[in-house]
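> Supplied in structure tokens, the structure appears directly below.
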Amino acid sequence: ATTDASPPASAPAPSPTVPDSRPPSTASTTTTVPPTQSPPSPDAWSLFDVALAGRLLGRGDYAASVAVAVNGEVLHTAAYGSRVPAPAPPAGLNAPPPAPEPVEAADRFRIASISKVITATVVLDLVEDGAFDLDQPVGAVLAAHVGATSTDPAVGAITARQLLSHTSGFDPYDRTFFGGGSPSCVEAAQRGLSRGLNSAPGSAYRYSNMNFCLLGLLIEQVTGQPYADVVGQRLLDPLGIEGMRIAGTFDPDPAEVEHPSVATRNYMEALGGAGAWMATAADVVRIVDALDPDKPGWHPLSEQTAATMRLGAPGITYPPDQWYGLGLIVSADGTWGHSGTLENTHAMVLHRPDGVTWCVLVSGEYPGQTERLRAIFDESMAEAGITLS
């Protein structure tokens, strides 16, 4: 399993619906209406919930959650499935298994690489406060912070901008983060900084979780505080978000959905600022909308810095019609956000130019390509007859 390395693709053609496999509409739902918005009817949202649940749970997922906002106001939240995969019946007993506990819209899921949006926002907030410069070398400082000795002099020249844009030159280090190769982000950082780079800093785009593991550690080095505490103070608390946390791979909370994982894996501990956050779909939508200066409410960054997050690095080759900014995946159609994938985890948040922002979080292995969530969301909205733009 890996976190997503590519931007969300344009939505493919709708796939056939599966009405016979859809579960009954037992979604945990909250719908609010901004005063200036003519909302879809409750019946339309119910149709949407049935359609989305069918496309996800109907194909084997354990649980899913969705939040939809228009112009900064969350209109609809819902959740489907169970917090923990349904247990098997007791051995030797001819009895039905215990009823699974239904998931609620306020339950937290793994958000995987959407965590990078959070880390990037806090890094840029510190830059705006003058804690360090976006283009000053930070590689040597990070190496000293984690006790690494690099054999590659180019490591010392790495900047925060290059880490944020995945142009630092680090390899992906998939085995380190996803194969149990490192017990913590600190040890992963020691490995990456000691081994050196695949390419010169600033010369090529190569998605690597090492970049954002290091950025989380840079936040700690600069502030002298734990990464999660700084995120809380500078981002979550001002937004009124409670309960979000950095979690261990096997560290469940009663208000969190289980994502079944191989016993020898330690994704969350190794990823740190690259992918270890737990959040609700509504939490994610609020964070992303706070990066849009045209949306109401508190904004963590200046308009200029927020716009910089959506710019690709000059002279870098990206996939057609898509690029990576500073912690954001951006498409030529004006949408931006991030996706994330771990074992039994698929997550996507998308901000659209028409004022709509949505997030879907999944516990389960469908869809095989997380970018498919974009088409699944659009198909479900179309089936319900909902048009928000």
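Rule-based calculations on the coordinates, nothing more; no lab input. Keep in mind that what you see is a predicted model, and the values were worked out from it rather than measured. A quick note on method: Cβ atoms are made from the backbone with ideal geometry, for glycine too, and the neighbour counts reach across all protein chains shown.
> If each DSSP helix of 4+ residues adds -39,500 (n - 2.57) and the sum is divided by the residues in the chain, what number results at 222 nm, nearest 500 deg cm²/dmol?
Rounded to the nearest 500, it is -8000 deg cm²/dmol.
> Further question on the same structure: For Asp43 and Asp133, what does the FRET efficiency come to when R0 = 56 Å and r is the distance between their Cβ atoms, rounded to the nearest 0.05?
Approximately 0.55, to the nearest 0.05.
> Taking the Cα centroid of segment 321-348 and of segment 197-274, what is the distance between the two, rounded to the nearest whole Å?
So the separation of the two Cα centres works out to 17 Å.
> Expressed as a whole percent, how much of the Cα-Cα distance distribution for the chain exceeds 33 Å?
For the chain, the fraction of Cα-Cα distances above 33 Å is 28 percent.
> Suppose a student asked you for the relative contact order of segment 135-185, using Cα pairs under 8 Å spaced at least 6 residues apart; what percent would you report?
34 percent
> Assuming a viscosity of 1.567 mPa s and a temperature of 4 °C, what translational diffusion coefficient in µm² per second does Stokes-Einstein assign to segment 236-389, Rh being the Kirkwood radius over Cα pairs?
For the chosen part, D equals 76 µm²/s.
> Can I ask one more? For the pair Ser184 and Asp354, what calculated FRET efficiency results from E = 1/(1 + (r/R0)^6), where r is the Cβ-Cβ distance and R0 = 41 Å, to the nearest 0.05?
For Asp354 and Ser184, the calculated efficiency is 0.45.
> For segment 208-264, just say rounded, prolate or oblate: build the C-alpha gyration tensor, square-root its eigenvalues into a ≥ b ≥ c, call rounded for a/c under 1.5, and beyond that prolate if a/b exceeds b/c, oblate if not.
oblate
> Could you list Phe250, Phe170 in order of exposure, starting from the residue whose Cβ has the fewest other Cβ atoms within 10 Å?
Phe250, Phe170
> Here's a follow-up. Can you compute the modelled spin-label distance between Thr264 and Ala144, with each label point 7 Å from Cα toward Cβ, in nm?
In this crude label model, Thr264 to Ala144 measures out at 3.9 nm.
> Here is a further query. State the extension gain, in nm to one decimal, for the chain segment bounded by Gln225 and Asn198, taking 0.36 nm per residue of separation less the distance between their alpha-carbons.
Extra length available between Gln225 and Asn198 comes to 6.6 nm.
> Which percent of Cα-Cα pairs in segment 307-389 sits in each 10 Å bin, short to long?
All Cα pairs, binned at 10 Å, distribute as 16, 44, 32, 7, 0 percent.
> Moving on to the next point. Note the full-extension length gain between Tyr205 and Asp294 as 0.36 nm times their separation in residues minus their Cα-Cα distance, in nm to one decimal.
Gain on stretching Tyr205 to Asp294: 29.1 nm.
> Then there is this: So, by mean Cβ neighbours within 10 angstrom, what's the order for 42-48, 176-182 with the highest one leading?
Top to bottom by mean Cβ count within 10 Å: 176-182, 42-48.
> With a/c under 1.5 counting as rounded, go ahead and sort segment 267-338 into rounded, prolate or oblate using the C-alpha gyration tensor (a ≥ b ≥ c being the square roots of the eigenvalues; past the cut-off, prolate if a/b is larger than b/c, else oblate).
Cα axes put segment 267-338 in the oblate bin.
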